[in-house]
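A short worksheet on the structure shown next.
Every number here is computed from the coordinates shown, using simple stated rules; none is lab data. Given the structure is predicted, the values throughout are model-derived calculations rather than measurements. For neighbour counting, all protein chains shown are included, and Cβ atoms are generated from backbone atoms with ideal geometry for every residue, glycine included.
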Amino acid sequence: MNSNHTSRPCPRQGFTMTEVLVSIAIVGTLMALLIPAVQSAREAARRTECLSNLKQLMLAYHEHQETHGVFPGPKHFENWKTQILPYLEETRVLVDEQTGQVLQSPGPIQTFSCPSDPLATGLISGGGRLWSYYPSDGSGGYRNDGMYAAKILRPVSPADVTDGLSNTVALSERLTLPDSLAAANHFNDDIFLYRIVRKTEAYLADPDQFADECEANSVPPLATVFGFANFNHVQTPNRFSCINGDHRGLNSSSHAAVTATSMHPAGVNV
């Protein structure tokens, strides 16, 4: 008996290889567009928090000035960070006035830590320099023309700032520097490239020549990691920091380039 039914093609199941490859290419393109946007948004949030920290620190700076008539400055057994703690509603560091030994110290303080720097903890005492903000030493070289050390060798008052407070940098971001042993094992790692203080071969009295030599021909220290409590304006931001010539020389450390640095895509917050 003959059948009148005609055979019909079965409906196709799944995708062809071409369709799969095209789909993967589209998804990959979307991911390539999305991931940088997400990372950029996260960094923008971190940078905003860094700016907020600086604002809080500067408000504390001004409150200190309103109370004492001067901004935080070098003081026996006290630095600028400990001097503004009461104005940040933080526990003050207690120090033995005879020996300088820290008797009581607060733990990590979020206001001193920029979240863009993965090594910053906000710990302002103990080993290493784990805070993110440093005061300006002006043009460096112990010329005492920065906000942290006036030419008159006393804490700075508003009257000392002849360019005007709104035109003068008091604090800037600077990448943290862990203890010497940790840094010594990573001198050439990208994450430590701008954290350590390098050195130039010869002492150069001209600041511009020294800055160029620092950027082009400086080398990491052999063992000792040079630590500085301030930053200066010898170099533009996010470039090398350097000791000027042999670190054993009399003028070497007094003419260092201690550069403002950050992990932001461009520039630093001040």
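Of the listed peptides 158-164, 207-213, what is their order by residue-averaged count of other C-beta atoms within 10 Å, with the highest listed first?
207-213, 158-164
In nm, give the distance between the simple-model label positions of residue 66 and residue 169, each being 7 Å from the Cα along the Cα-to-Cβ direction.
That separation, rounded to one decimal, is 2.7 nm.
Sort the following peptides by mean Cβ neighbour count (other Cβ atoms within 10 Å, averaged over residues), highest first: 135-141, 85-91.
Taking the mean over residues of other Cβ atoms within 10 Å, the ranking is 135-141, 85-91.
Check residue 226: other-chain or 5+ apart residues with amide H under 5 Å from its amide H, H built from backbone geometry?
Answer set, sorted by chain and number: 197.
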